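The values are calculated or read from the model by the stated rules, or taken from the named source; none is laboratory data. Keep in mind that what you see is a predicted model, and the values were worked out from it rather than measured. Note: ideal-geometry Cβ built from the backbone for every residue, glycine included; neighbour counts use all protein chains shown.
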Amino acid sequence: MDFECIEAWLELPEFRVTHQVIRSHELELHLERRDTHLVCPRCQGCCERIKEGRARCVRDLPMLDRPVTMRLHVRRFKCSDCHHRPWEKSETFGDHAKWTERLYAQVRQEFLHGCPCQELARRYGLSARTVFRWTFEKSRGGRPRKLGRALGIDEYARRKGHHYNTIIVDLDKGRPITTFKGRRVEEVVRWFQSRPQAERDGVEVVVLDMSKSFYSAMGQVFGDQVEVIDRFHVVQQAVGALDGVLRSVQKQLDREEAKALKKLRKHWLKLPNQLELDALIARADWRRRFPELREVIDWVQDLRKWFERKYDKPARAALWKLIERARASALAPLQDVGGTLSRWFEPIARYMRQRYTNGMTEGFNNKIKLIQRRAFGLRNEHNRKKRILADCGKT
Ligand SMILES: [Zn+2]
């Protein structure tokens, strides 16, 4: 291949290719920085004369089915003004990088997606040990990471039926801390108590759904000031009430109309500017015909809007008002939600101060499902832990 073509493939604009050697098992590329001079770091003069050079070796993604070894020829210049002799530095690669980020990411991803280690080692010109080390070095052999200031906690099914695990996420750092077998109060409490006291003292927020067992476990470990209910779960409760009312309205209708109402389900909670005009008119029509629908929809909208509030004190008052309104309603589903929210009032209202959600935890949860499916279940708990820590979150 000609050098320009290789350069286009490489996408390393800092370098130009000076030489290539094709061997049966690898492609060796010799690279040099495009700059022909250097600004002297001492006197800001221009260094143009080259004194000496050395070659660095960096591995990269394969080209033409051959693993690529890049030889970077790093030059040392001489300053014409002072007598400094600076080495040139690469903007693309750090001082010690021995492989490119894209190679590292690619190998990890393929291994985690189930490609055999030996096959990857052959394809990328690495040792099997390196493939394994790259993939799992971030999971620290399955050992838990340090507890952060803000945690998210959730459960996931480790296989079909009632077999659940718990996952704990660092919401600031965006990665899982650990995952363990079970979701019962004593199992969760035991895990947290196995952590050093100093780490536990640093925890200020724990986001959870409205699960009683997690709530009581967190209460035992951290007291009752850190729990925050995930806002999407609160809204979910309210949407559940809406569906309840919707069902009871549907029962009063004949089949055709019930169908039409069901079709509109996805339009009920949209803002007016998110709807087409005819959908908007249809919605207004239904609202007029069924005041109970109107009542519950307005309530759900107001609850959603509540989360946009900024100040703690007025927000608390407003939340009480919303709850009172639901409880005073004649609609049973709405009364139920009112009751639920009043029981969880404190941890819901605490959202105003902390503003954390469990969206990230839910995201990891979906990823875990994928990991388990790819590995046909993952029987081994240690292996599961390692894969989840290696695969979820930023690396
Ligand atoms: Zn100089």
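List of remarks:
- Restricting the first member to segment 351-373 and to residues that are closer than 16 Å to LEU171 by Cα, and the second to residues that are in a helix (DSSP H, G or I) and among the basic types (Lys, Arg), the beta-carbon pairs closer than 6 Å and six or more apart or on different chains are TYR351/ARG231; THR357/ARG231.
- Selection of segment 243-276 for residues being of a type in the set (A, V, I, L, M, F, W, C) and modelled with pLDDT of 85 or more yields VAL245, LEU246, VAL249, LEU253, ALA258.
- Matching helices (runs of 4 or more DSSP H) fully within segment 171-241 where at least 3 residues are under 24 Å from the mean Cα position of the chain (by Cα) and of a type outside the set (Ser, Thr, Tyr): 185-193
- Of all residues in segment 161-170, those being in a strand (DSSP E or B) and more than 15 Å from GLU227 (Cα to Cα) number 5.
- Residue match in segment 28-42 (condition: within 20 Å of VAL107 (Cα to Cα), of a type outside the set (A, V, I, L, M) and either within 16 Å of the ligand (Cβ to nearest atom) or crowded, with 16+ Cβ neighbours inside 10 Å (or both)): yes
- Summed over segment 48-87, the residues that are polar (S, T, N, Q) and within 16 Å of the ligand (Cβ to nearest atom) give a count of 1.
- Selection within segment 158-169: residues that are surrounded by fewer than 21 Cβ atoms within 10 Å (Cβ to Cβ) and in contact (Cβ under 8 Å) with a residue 12 or more places away in the chain. The member of this set that is nearest to TYR351 (Cα to Cα) is TYR164.
- The condition of being at positive phi and not aliphatic (A, V, I, L, M) holds for only one of GLY363, GLY359, GLY393, that being GLY393.
- Tally of residues being touching a residue at least 24 places away in the same chain (Cβ under 8 Å), loosely packed, with under 12 Cβ neighbours inside 10 Å and among the small types (Gly, Ala, Ser) across segment 305-329: 0
- Strands (runs of 3 or more DSSP E) wholly inside segment 1-89 that include at least 2 residues being among the small types (Gly, Ala, Ser): 46-63
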